[in-house]
1. Give me the distance between the Cα centres of segment 96-112 and segment 146-192, rounded to whole Å.
2. Quick one: if you stick a label point 7 Å off each Cα along the C-beta vector at residue 164 and residue 181, how many nm between them?
3. Once you put a point 7 Å from the Cα of residue 149 and another 7 Å from the Cα of residue 70, both along the Cβ direction, what distance in nm separates them?
4. Sorted by average packing, counted as other Cβ atoms within 10 angstrom per residue and highest first, what order do 172-183, 70-81 take?
């Protein structure tokens, strides 16, 4: 008899959580549908996730970075050119990993996020890529002083600032994802 009562309590608690998550998902979907027209009208004036990064934006910023740095490498042949080209190639490879992680985090089901929390595996991958990018920024800073051409120095400085701004956006994205409420996120963090 006691087993049946405890089983009934567990079943009712589970039913409550599932029904609450369904209601939450429906209300979130309805809110998204109601905000669609206003978001379209405000698309040019206020970005949806100000200060954060999206996968497409990150891809574009890194592509521009790589293109600019490769031009610097072409101007600095024989000197720092090959090292700059290597950094550009590494950052381009890093972009693929970062973009994939951002896509997976953004496309994660709202219900799963509500129940078990954010995608901590991909957030960890983003942190790892941030450390590698920070190291590349340090390398570029060292190479900037060795550049033969003043325009190369200016271009490297501009691209370093661009990467630092992108790093800040990714950091804001990570903080926002970690700050999302979840019912059992604390339990998932214990096992990871």
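1. First find each Cα centre; the distance between them is then 16 Å.
2. About 3.7 nm separates the two model spin labels.
3. In this crude label model, residue 149 to residue 70 measures out at 1.6 nm.
4. Values: 172-183: 14.7, 70-81: 17.0.
Most protected by this proxy first, the peptides run 70-81, 172-183.
No lab work stands behind these numbers, since they all come straight from the coordinates. Note that the structure is a prediction, hence the values are computed from the model and not measured. Please note: Cβ atoms are built from the backbone with ideal geometry, for glycine as well, and neighbour counts cover all protein chains shown.
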